[in-house]
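What follows is a single structure, written as structure tokens, with notes after it.
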Amino acid sequence: MYHKAVQLPNISDPSSPIGAEENAECVMNVGEKKGRSPTVDQIAKMYGWLREDHISLYSTQRSYILKKELAELENALVRYTLNYLNDKGFILVSVPDILHHSIIESCGFATKGERNQVYKLDFMNEYGKYCLSGTSEMSLAGLLKNRILNHDELPLKLCAVSRCLRAEVSGSEREGKLYRLHEFTKVEMFVLTLGDSKISSLMLENIKEYQTELFSDLGIHFRVLNMPTQELGSPAYKKYDIEAWMPGNQFYGEISSTSNCHSYQSRRLHIKSSADKTDLSEKQSYVHTLNGTACAVPRMLTAIVESNWDMV
């Protein structure tokens, strides 16, 4: 019964549009939508920024090797993002990329069956219990498993830089070589609040504001979407996606998202708060968890390079 119960999805916010992806509600447009430019693949080839030949001899076809100025830009984006988050009160955490499968499942991501994006180390004995992390949200959530926090410790705002490893399915050719990858660098935000819908909903708006401020200074055009119920996945109560305009192939591509998961993850990971965690007679309640992408580096590189081509 327990195993069936944990497969139930979260409820959804009444303000989330009903239905499929095409019902997403655009709540904000930022920046100037640029005309057609060369693609990031074409620009990188001109300047020798992207290594792609013979990559299948030592990694997956959907890996990437950046060189010269593009590699420098990757590091600059990470530092720019971390400096911003530090000013907003986030605590930087270095996290592992190998996780027990139960942590990943508790966050709402399947590790079994054919339709999942999780890499397993193998299926034998001890190592069969472990998987590669698809986002540092999983590691940060696992860090807090079985914790009781004082009310005055909340909100707890954490961030991490990690390699994200995902068995992504193929996308269209127009997405380019830096869009849908098996391994990439990402800066993630993870926040705990009191288990109060008004408080966590306000924090979701704050995280969305952090994201729009981060992206507004990068010379790109993007839109913010209130995602419909069929796009929330199992854990999210409400979710915003941010899509950037990719001038090279003239399409909007997702560069970020932020979700309020309410108590979905905290119930599975047993993360609670109390007025005094040392007093066992005090009432304990499940916290609310939220996550947000601060910088998914390869997709940001695509949007920035193509949108600022006239400056290259």
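If I ask for residues that are modelled with pLDDT under 95, assigned to a helix (DSSP H, G or I) and touching a strand residue (DSSP E or B) at 6+ places or on another chain (Cβ under 8 Å), which ones from the range 82-115 would you list?
H101, I104
Check whether at least one residue in the range 292-308 is in a strand (DSSP E or B), open to solvent by 10 Å² or more (accessible area, probe 1.4 Å) and of a type in the set (V, I, T), and report yes or no.
Yes - at least one qualifying residue is present in the range 292-308.
Exactly one of (1) aliphatic (A, V, I, L, M); (2) closer than 20 Å to I271 by Cα; (3) modelled with pLDDT under 85 is unmet by M124. Its number?
Against the list (1) aliphatic (A, V, I, L, M); (2) closer than 20 Å to I271 by Cα; (3) modelled with pLDDT under 85, M124 comes up short only on (2).
If a residue has to be outside any helix (DSSP H, G or I), open to solvent by 70 Å² or more (accessible area, probe 1.4 Å) and not polar (S, T, N, Q) to count, how many in the range 2-42 make the cut?
Within the range 2-42, residues that are outside any helix (DSSP H, G or I), open to solvent by 70 Å² or more (accessible area, probe 1.4 Å) and not polar (S, T, N, Q) number 9.
Pairs needed: first member in the range 205-226, under 18 Å from C159 (Cβ atoms); second member anywhere, open to solvent by less than 20 Å² (accessible area, probe 1.4 Å) and of a type outside the set (A, V, I, L, M, F, W, C); C-beta distance under 6 Å; at least 6 residues apart or different chains.
From the range 205-226, the pairs are I207/T258; I207/G292; K208/Y240; K208/T258; Q211/S256.
Given the structure, is A110 surrounded by 12 or more Cβ atoms within 10 Å (Cβ to Cβ), within 26 Å of L225 (Cα to Cα) and free of Cβ contacts under 8 Å to residues at least 12 places away in the same chain?
So A110 passes the test.
Run M46 past the list (1) in a loop (DSSP other than H, G, I, E, B); (2) at pLDDT below 95; (3) exposed (fewer than 12 other Cβ atoms within 10 Å of the Cβ) and report the number of the one that doesn't hold.
(1)
Find the residue count for the range 136-155, including only residues that are hydrophobic (A, V, I, L, M, F, W, C) and open to solvent by 30 Å² or more (accessible area, probe 1.4 Å).
2
Assuming V118 fulfils every condition listed in (1) assigned to a loop (DSSP other than H, G, I, E, B); (2) without any contact (Cβ under 8 Å) to a residue 24 or more places away in the chain apart from one, which condition is it?
So V118 meets the others, but not (2).
Where residues in the range 248-263 are touching a strand residue (DSSP E or B) at 6+ places or on another chain (Cβ under 8 Å) and not in a strand (DSSP E or B), which of them is least open to solvent (accessible area, probe 1.4 Å)?
Top of the filtered list is C261.
Suppose we filter M246, M189, M227, M203 for residues that are aliphatic (A, V, I, L, M) and over 30 Å from V305 (Cβ atoms); which single one remains?
Every option except M203 fails the conditions.
Output the residues belonging to the range 199-225 that are within 26 Å of A110 (Cβ to Cβ) and either of a type in the set (D, E) or under 16 Å from the mean Cα position of the chain (by Cα) (or both).
Answer for the range 199-225, where residues must be within 26 Å of A110 (Cβ to Cβ) and either of a type in the set (D, E) or under 16 Å from the mean Cα position of the chain (by Cα) (or both): L204, I207, L225.
Just to check your reading of the model, which residue among L165, L178 is modelled with pLDDT of 85 or more and open to solvent by less than 10 Å² (accessible area, probe 1.4 Å)?
It is L178.
Give me the residue from the range 59-92 that is open to solvent by less than 30 Å² (accessible area, probe 1.4 Å) and of a type in the set (V, I, T) and, out of that set, farthest from C261 (Cα to Cα).
Checked the range 59-92; the qualifying residue farthest from C261 (Cα to Cα) is V78.
For the range 196-232, which positions are open to solvent by 50 Å² or more (accessible area, probe 1.4 Å) and in a loop (DSSP other than H, G, I, E, B)?
Scanning the range 196-232 gives D196, D217.
The values are calculated or read from the model by the stated rules, or taken from the named source; none is laboratory data. These numbers were taken from a predicted model, which means no experiment stands behind them. A quick note on method: Cβ atoms are made from the backbone with ideal geometry, for glycine too, and the neighbour counts reach across all protein chains shown. Only protein heavy atoms, including side chains, enter the accessible area calculation; ligands, DNA and RNA are left aside. Shrake-Rupley method; radii C 1.70, N 1.55, O 1.52, S 1.80 Å.
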